[in-house]
Structure formats: structure tokens, C-alpha cells
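A.B. asks: First, the structure itself, so that you have it in front of you.
The values are calculated or read from the model by the stated rules, or taken from the named source; none is laboratory data. All figures in this text were calculated on a predicted structure; none of them were measured in a lab. Cβ placement follows ideal geometry from the backbone for every residue including glycine, while neighbour counts extend to all protein chains displayed. Protein only, heavy atoms only, side chains kept; ligands, DNA and RNA dropped before computing areas. Shrake-Rupley method; radii C 1.70, N 1.55, O 1.52, S 1.80 Å.
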Amino acid sequence: MGKIMIIGAGGVANVAAHKCAQNSEVFEEMVIASRTLSKCEAIKSAVMAKGTKTRVKTAPVDADKTAELTALLEKEKPAVVLNLALPYQDLSIMEACLAARTHYVDTANYEPPQLAKFEYKWQWAYRERFFDAGITALLGSGFDPGVTGVFCAYAQKHHFDEINYIDILDANAGDHGYPFATNFNPEINIREVSAKGSYWQEGRWIETEPMEIKRVYDFPEIGLKDMYLLHHEELESLAVNIFGIRRIRFFMTFGQSYLTHLKCLENVGMTSITPIEYEGKLIVPLQFLKAVLPDPSSLGPRTRGKTNIGCIFQGIKDGRPKTYYLYNVCDHQECYREVGSQAISYTTGVPAMIGAMLVMTGKWRRPGVFNMEEFDPDPFMEELNRRGLPWKEDFSPLLVD
Ligand code: NDP
């Protein structure tokens with residue numbers, strides 16, 4: 001069918017590259033392009049070692065530099081760019097895709113480096129330009145955001161006349177044996193969890209202090225876990241795109257050791273993104289912290305346990321109240337055996353490949369900029385079952401108060 005360019009060579013890119021290579025009828029050719037060429041080469045070797053018909057190439061690129069990336073796109077001519085670098089690169093990569101008329105898929109919304117605030121407004125501002133160029137930008141094709149948006153669209157299409165309440169629950173019961181480590185990019189992860197929380201209710205945002213709202217939930221196949229309300233990017237698009245919605249919240253589980261370490265690091269200033277001068281050089285404390293923490297892509301062999309991520313819906317069907325829970329359970333060690341990564345990278349990399357596949361095959365292709373729930377969920381739901389993230393449903397789930 002065609003050629004994909006993956007940008008970035010971290011944990012998520014590793015999984016997506018393996019999954020594209022397992023799907024060589026769609027992805028005949030793949031270019032892995034990132035800032036550090038040796039990381040692209042390492043992914044290529046791992047993918048080739050498993051055996052694939054996909055032709056794999058690597059290239060160095062600094063995706064902050066639109067002209068440099070545009071030149072690479074014009075040389076390689078991929079049909080789709082899968083952006084698995086960091087949220088900071090989203091806009092420069094979208095600019096390059098516009099210049100080279102290439103479809104665009106990512107997994108995280110744009111965040112300005114100097115401001116710990118993620119919002120869709122910067123990427124939604126590209127709607128008209130993508131429409132005029134006749135190309136598709138698919139935003140947030142990971143798990144959350146990503147599959148959570150597809151779950152919402154599926155519930156809306158098949159199970160409800162209107163959905164009034166959505167709770168997105170993200171549980172990680174994996175144990176990597178370190179007192180403190182993050183499961184994906186530490187800088188992005190810590191910016192997310194140390195920010196104020198918020199949820200959407202009756203047409204407006206309600207802000208909370210970081211980790212202010214705690215619940216305990218009994219997760220299928222995992223058991224009881226403490227979870228905390230966070231702001232999360234899909235809340236913003238789902239509040240607009242789901243019919244009848246009155247409240248939408250996002251909860252993530254954290255263990256006590258993680259929270260104690262985070263509080264201590266915050267208290268001593270290590271999570272700050274304001275540069276400080278150290279021995280005549282400006283350094284950002286959070287970036288320094290990232291450098292001393294374990295690399296998330298090294299957690300694969302040590303992480304044991306499961307993740308459970310899903311959405312609980314409450315709404316109306318045929319005039320009656322209805323509840324419905326859609327979720328996926330993923331096992332860290334099974335992921336590691338298959339692609340050499342833990343489940344957090346896996347649950348992001350698989351939907352990233354599926355989103356790119358649906359754009360490549362034309363099933364999810366429309367000129368403009370779109371969130372996941374704006375497309376027909378059915379082909380995505382089928383692929384989740386085929387590609388390693390099968391979903392389960394429960395019609396009388398435990399509700400979150
Ligand atoms: P990593 O930090 O492991 O990898 C990021 C990669 O991007 C690195 O290879 C890095 O290169 C590369 N990169 C950074 N800056 C540039 C640049 N200017 N030009 C080219 N390449 C660059 O991150 P993860 O793999 O853990 O995460 C990837 C993305 O997935 C992130 O945006 C994250 O927010 C998102 N994510 C989404 C989830 C979801 O469910 N939607 C869940 C988890 C993650 P180098 O090594 O040289 O620094």
C-alpha cells in the first residue's frame with residue numbers, strides 16, 4: 001500500500017515500528033527519523049530481527065526545524081507522518097506536513113516548552129489550512145487520548161441515545177521495582193501530574209488542586225487502586241463532540257511511593273520548568289531530573305503486572321437510564337515478549353499504528369484536523385481486537401461517586 005515516516009525513536013516509536021512491520025501489506029515502507037540516529041538504528045535492528053516484509057530505513061532529523069523536516073519529507077515522500085516525538089514538535093511537524101502535503105497523525109497535543117499547559121487550540125487553528133491542502137491531521141491516536149475517544153464514539157453509536165456522564169479510568173498496576181520512575185517521557189509525565197486538575201461539568205471547567213480528588217476503585221483484573229482526578233487532553237474535545245454530555249472526568253492511579261517522591265521533588269524545586277543558573281550555565285531543573293531518572297524504554301524487562309484503561313458511561317437508551325463500561329487490560333510482560341517494551345508504550349504505539357493505518361487506507365481520511373471521536377469507531381475497534389489490544393465490556397459496572 002504505502003510508506004510511513006515515524007518521527008521520534010523512543011518507547012512509543014519502538015512499539016509503533018514493530019506494529020507497522022507486522023502489518024506490511026499496509027506499511028510497505030517505513031522511515032524511522034529522529035534526532036539521535038543511533039536510536040532509529042536500534043529500533044530498525046530490533047524490527048528486522050523479528051522478520052518483516054516492510055522495507056525499513058532510518059534518517060536523522062531535528063523536527064523543531066520545519067525546513068529540515070520538509071526537505072526530508074520531499075525526499076522520502078511518505079503518505080503519512082506518524083509523530084511520536086514530543087508534544088513540543090507538533091506544530092513544526094504539522095507545518096512540514098502542510099508544505100509537503102503529507103497526512104499527519106500524533107498521540108499528544110501541542111504544549112509550548114516554556115508553559116506547562118496543553119490545549120487543542122493551537123492545533124485546531126490548523127483546520128482550515130489542512131482542509132485547503134486536502135490532507136488529514138488525526139490528533140491524539142494513542143490510548144488516552146486515542147482509544148478513549150474511539151470508545152466514546154462507539155458507545156455513542158451503538159449503546160446510547162445520549163451520554164450524560166463519562167469517567168475515564170487509567171490504572172497501571174505494573175511494578176518496575178524502582179522507588180521512582182515514570183512510564184513515559186519523565187518531563188511530559190511530571191508536567192502533566194503536577195499541574196492543577198480539572199473536569200468538565202454542566203458547560204464549564206471546574207479546577208482542582210493537583211491530586212486533590214482521590215477515589216478508590218476496584219478495577220477488573222487488577223483490584224483496588226487509589227486513583228486521582230487529573231486534567232487530561234481528551235476531556236476538551238469530548239466535551240464538544242459527545243452529545244448530551246453533562247460531566248466528564250479523568251482519573252489515573254498512583255502508588256504512594258510515586259506520590260511521596262513527587263512531592264519531595266516538587267518541594268525541593270526539581271520539577272520546575274523555570275531555568276536556573278548552575279555553574280555559569282542555564283539549566284531547567286525538570287530536564288536535569290529527566291536525565292537522572294530511568295529511561296522509560298528501559299523499564300520493559302523489569303515491569304510486571306497489568307494496565308486497565310477504559311471509560312464508564314452513563315446515559316439514556318430508548319428512554320431508560322443505562323450504564324456501560326468499555327476497557328482494555330494489557331500485560332506488561334506479554335508486551336515485552338512481543339515488542340521489547342512495557343505496556344504504557346504498547347498501549348500507545350498500537351493505536352498510533354492503527355490511526356496511521358486508517359488514514360493510509362483511506363478509511364479515516366478527510367481534509368482537515370480531527371480528534372479521534374469524529375471518525376467512525378467501528379474499523380478502529382476491529383483493529384484493536386486484531387492488533388493486540390482487545391476490549392471488554394460490562395453492562396453493570398461499579399460507578400465512581
Ligand atoms: P520518549 O522520550 O521515549 O521519545 C521521544 C523521542 O522523540 C526521542 O527519540 C527523542 O529523540 C525524539 N525527539 C525529541 N525531540 C525531537 C526533535 N526535535 N526532533 C526529532 N526527534 C525528537 O517518549 P515516548 O516514546 O515515551 O512518548 C512519545 C510521545 O507519546 C510523547 O509525545 C508522549 O506524550 C506521547 N504519549 C501519549 C500517550 C497516549 O496515550 N496518548 C501515552 C504515552 C505517551 P532523542 O532521543 O534524541 O531525545
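A.B. asks: Could you list, in sequence order, all residues of the range 66-77 that are of a type in the set (Lys, Arg) and either in a strand (DSSP E or B) or surrounded by 13 or more Cβ atoms within 10 Å (Cβ to Cβ) (or both)?
C.D. replies: Filtering the range 66-77 down to residues of a type in the set (Lys, Arg) leaves 75, 77.
Correct list: Lys77 only.
A.B. asks: Among what's in the range 100-115 and is in contact with an Asp or Glu (Cβ under 8 Å, 6 or more places away or on another chain) and outside any loop (DSSP other than H, G, I, E, B), pick the residue that is nearest to the ligand (Cβ to nearest atom).
C.D. replies: Residue satisfying both the conditions and the ranking: Asp106.
A.B. asks: Something else about it: Residues being more than 10 Å from the ligand (Cβ to nearest atom), among the small types (Gly, Ala, Ser) and crowded, with 24+ Cβ neighbours inside 10 Å: count how many of those fall in the range 1-17.
C.D. replies: 1
A.B. asks: Among the charged types (D, E, K, R) and either free of Cβ contacts under 8 Å to residues at least 12 places away in the same chain or in contact with a helix residue (DSSP H, G or I) (Cβ under 9 Å, 6 or more places away or on another chain) (or both): does that describe Glu187?
C.D. replies: On the way: among the charged types (D, E, K, R): yes; either free of Cβ contacts under 8 Å to residues at least 12 places away in the same chain or in contact with a helix residue (DSSP H, G or I) (Cβ under 9 Å, 6 or more places away or on another chain) (or both): yes.
So Glu187 fits the description; yes.
A.B. asks: Quick check: anything in the range 181-203 more than 16 Å from the ligand (Cβ to nearest atom), in contact with an Asp or Glu (Cβ under 8 Å, 6 or more places away or on another chain), more than 27 Å from Phe395 (Cα to Cα) and of a type in the set (Gly, Ala, Ser)?
C.D. replies: yes
A.B. asks: Being outside any helix (DSSP H, G or I) and either at pLDDT below 95 or closer than 19 Å to Tyr336 by Cα (or both) is the filter here, so list the residues in the range 1-58 that pass it. Even if it seems obvious, please write down each step before you answer.
C.D. replies: Of the range 1-58, the ones outside any helix (DSSP H, G or I) are 1-10, 22-36, 51-58.
Hits for the range 1-58 are Met1, Ala9, Gly10, Gln22, Asn23, Gly51, Thr52.
A.B. asks: Sticking with this structure for a sec: Of the residues that sit in the range 247-280 and are assigned to a loop (DSSP other than H, G, I, E, B) and in contact (Cβ under 8 Å) with a residue 12 or more places away in the chain, which one is farthest from Lys225 (Cα to Cα)? If you could, list the steps in order and put the result at the bottom.
C.D. replies: Taking the range 247-280 and keeping what is assigned to a loop (DSSP other than H, G, I, E, B), we get 254-255, 268-275, 279-280.
Within this subset, residues satisfying the condition of being in contact (Cβ under 8 Å) with a residue 12 or more places away in the chain are 254-255, 269-273.
Numbers: Phe254: 8, Gly255: 8, Gly269: 28, Met270: 27, Thr271: 25, Ser272: 28, Ile273: 30 Å.
Ranking the qualifying residues of the range 247-280, first place goes to Ile273.
A.B. asks: Is it the case that the range 172-180 has a residue that's open to solvent by less than 10 Å² (accessible area, probe 1.4 Å) and either of a type outside the set (D, E, K, R) or in contact with a Phe, Trp or Tyr (Cβ under 9 Å, 6 or more places away or on another chain) (or both)? Can you show your working first?
C.D. replies: First, the residues of the range 172-180 that are open to solvent by less than 10 Å² (accessible area, probe 1.4 Å): none.
No, the range 172-180 contains no residue that is open to solvent by less than 10 Å² (accessible area, probe 1.4 Å) and either of a type outside the set (D, E, K, R) or in contact with a Phe, Trp or Tyr (Cβ under 9 Å, 6 or more places away or on another chain) (or both).
A.B. asks: Would you point out the residue of the range 18-34, among those that are among the hydrophobic types (A, V, I, L, M, F, W, C) and within 11 Å of the ligand (Cβ to nearest atom), that is nearest to Pro60 (Cα to Cα)? Break it down into steps so the answer makes sense when it comes.
C.D. replies: Within the range 18-34, the first condition is being among the hydrophobic types (A, V, I, L, M, F, W, C), and the residues that meet it are 20-21, 26-27, 30-33.
Going one step further and asking which of them are within 11 Å of the ligand (Cβ to nearest atom), we end up with 32-33.
Numbers: Ile32: 9, Ala33: 5 Å.
Per the stated criteria, the residue is Ala33.
A.B. asks: Taking Leu37 and the conditions (1) touching a residue at least 24 places away in the same chain (Cβ under 8 Å); (2) more than 8 Å from the ligand (Cβ to nearest atom); (3) of a type in the set (A, V, I, L, M, F, W, C), which numbered condition does it fall short on, given that it satisfies the others?
C.D. replies: Every listed condition holds for Leu37 apart from (1).
A.B. asks: Return yes or no: is Asp161 under 13 Å from the mean Cα position of the chain (by Cα) and among the acidic types (Asp, Glu)? Walk me through how you get there before you give the answer.
C.D. replies: On the way: under 13 Å from the mean Cα position of the chain (by Cα): no; among the acidic types (Asp, Glu): yes.
So Asp161 fails the test.
A.B. asks: Mind counting the residues in the range 116-147 that are more than 14 Å from Leu235 (Cα to Cα) and either outside any loop (DSSP other than H, G, I, E, B) or away from the ligand (no atom under 16 Å from the Cβ) (or both)?
C.D. replies: The total comes to 18.
A.B. asks: Restricting attention to the range 212-229, which residues are of a type outside the set (D, E, K, R) and under 16 Å from Asp167 (Cα atoms)? Reasoning before the result, please.
C.D. replies: To start, the set of residues in the range 212-229 that are of a type outside the set (D, E, K, R) comprises 213, 216-217, 219-220, 222-224, 227-229.
Passing the criteria: Ile213, Val216, Tyr217, Phe219, Pro220, Met227, Tyr228, Leu229.
A.B. asks: Continuing with this model, one more query. What's the total number of residues in the range 40-52 that are open to solvent by 50 Å² or more (accessible area, probe 1.4 Å), within 15 Å of the ligand (Cβ to nearest atom) and among the hydrophobic types (A, V, I, L, M, F, W, C)? Explain how you work it out, then say what you get.
C.D. replies: So the first thing to find is which residues in the range 40-52 are open to solvent by 50 Å² or more (accessible area, probe 1.4 Å), and the list is 41-42, 44-45, 48-51.
Add one more test, that the residue is within 15 Å of the ligand (Cβ to nearest atom), and what stays is 41-42, 44.
Narrowing further to those that are among the hydrophobic types (A, V, I, L, M, F, W, C): 42.
Of the residues in that region, 1 qualify.
A.B. asks: Is at least one residue of the range 230-238 touching a helix residue (DSSP H, G or I) at 6+ places or on another chain (Cβ under 6 Å) and either modelled with pLDDT under 95 or closer than 22 Å to Phe118 by Cα (or both)? Working first, answer last.
C.D. replies: In the first step, residues of the range 230-238 are kept if they are touching a helix residue (DSSP H, G or I) at 6+ places or on another chain (Cβ under 6 Å); the result is 234, 238.
Those left that are additionally either modelled with pLDDT under 95 or closer than 22 Å to Phe118 by Cα (or both): 234, 238.
Within the range 230-238, one or more residues are touching a helix residue (DSSP H, G or I) at 6+ places or on another chain (Cβ under 6 Å) and either modelled with pLDDT under 95 or closer than 22 Å to Phe118 by Cα (or both).
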